[in-house]
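The values are calculated or read from the model by the stated rules, or taken from the named source; none is laboratory data. Owing to the predicted nature of the structure, the values given are computational and were not obtained by experimental measurement. Every residue, glycine as well, gets a Cβ built from its backbone with ideal geometry; the counts of neighbours run over all protein chains shown.
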Amino acid sequence: MTDIRFKTPDGVFNLCAIAVIIREGKVLMVKGSDSGKHYPVGGHVQLGETSEQAVVRECLEETGVNYEVERLLFVCEDFFTYDGQPSHSVEFYYLMKPNSAEPNRLTDNGEELVWLPVNAIDNLLFPEFFKTELQNLPDSVKHIIIWRD
């Protein structure tokens, strides 16, 4: 399948599905091997699949655990520059149902999976809105718009 990611003469567009996996007051994050920053499990939606199907697939690929979707938490429009090109991502963030299965220690591309306390998230976290939003999850879907350089 083909990722929904395409270039135009004016920039790049991405459609992504992201998992919010919380257990015992901790959120499961990937520790980036290059930047050292932490980011959630997830990735591009593929052509012909829903964002909900994509987040389940990405969880299984990256953690080895078959998580189920509980509900949609956030829809984020992210505007940024990547490799010198304007970029626009639309990201669906899903809260996943709690699961007692222990995820792999490494993702499918060799990055480390770590549990971080929700109430003590550091500055090496992406997306930054996790610092505040994970403290008190919204009751309904929240639309977030990010403009960054």
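Residue pairs whose Cβ atoms lie under 6 Å apart, sitting 6 or more positions apart in sequence or on different chains, and linking a residue in region 42-67 that is of a type in the set (Phe, Trp, Tyr) to a partner that is part of a strand (DSSP E or B), are Tyr67/Met96. May I ask you to verify whether Leu124 is within 13 Å of the chain's Cα centre (by Cα) and closer than 24 Å to Glu24 by Cβ? When the stated conditions are applied, Leu124 does not pass them.
The rows are residues; the columns are (1) buried (at least 17 other Cβ atoms within 10 Å of the Cβ); (2) under 15 Å from the mean Cα position of the chain (by Cα); (3) in contact (Cβ under 8 Å) with a residue 40 or more places away in the chain.
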residue: Cys76; (1), (2), (3): yes, yes, yes
residue: Val90; (1), (2), (3): no, yes, yes
residue: Pro98; (1), (2), (3): no, no, yes
residue: Leu106; (1), (2), (3): no, no, no
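Inside region 27-48, can you point out the residues that are within 19 Å of Leu125 (Cα to Cα) and surrounded by fewer than 18 Cβ atoms within 10 Å (Cβ to Cβ)? It would help to see each step written out before you state the result.
Step one: of region 27-48, the residues within 19 Å of Leu125 (Cα to Cα) are 27-43.
Result: Lys31, Gly32, Ser33, Asp34, Ser35, Gly36, Lys37, Tyr39.
With the condition kept exactly as written, say whether any residue in region 70-91 is within 28 Å of Asp10 (Cα to Cα), touching a strand residue (DSSP E or B) at 6+ places or on another chain (Cβ under 8 Å) and among the small types (Gly, Ala, Ser). There is at least one residue in region 70-91 that is within 28 Å of Asp10 (Cα to Cα), touching a strand residue (DSSP E or B) at 6+ places or on another chain (Cβ under 8 Å) and among the small types (Gly, Ala, Ser). Counting the residues of region 49-67 that are surrounded by fewer than 21 Cβ atoms within 10 Å (Cβ to Cβ) and in a helix (DSSP H, G or I) gives 6.
Determine, yes or no, whether Phe92 is at pLDDT 95 or above and more than 16 Å from Arg23 (Cβ to Cβ).
Values: at pLDDT 95 or above: yes; more than 16 Å from Arg23 (Cβ to Cβ): yes.
The answer is yes for Phe92.
The set of residues from region 68-100 being part of a loop (DSSP other than H, G, I, E, B) and within 24 Å of Arg5 (Cα to Cα) comprises Asp83, Gly84.
Does region 4-11 contain at least one residue that is among the hydrophobic types (A, V, I, L, M, F, W, C) and under 13 Å from the mean Cα position of the chain (by Cα)? Checked against the condition, which is being among the hydrophobic types (A, V, I, L, M, F, W, C) and under 13 Å from the mean Cα position of the chain (by Cα), region 4-11 yields no hits at all.
Checked against (1) surrounded by 12 or more Cβ atoms within 10 Å (Cβ to Cβ); (2) closer than 28 Å to Leu137 by Cα; (3) not small (Gly, Ala, Ser), Glu24 passes all but a single condition, namely (1). Within region 101-140, if we keep just the residues that are of a type in the set (A, V, I, L, M, F, W, C) and part of a loop (DSSP other than H, G, I, E, B), the residue that is nearest to Ile18 (Cα to Cα) turns out to be Phe126. Selection of strands (runs of 3 or more DSSP E) fully inside region 1-48 by the criterion of at least 3 residues being farther than 21 Å from Leu116 by Cβ returns 5-8, 11-20.
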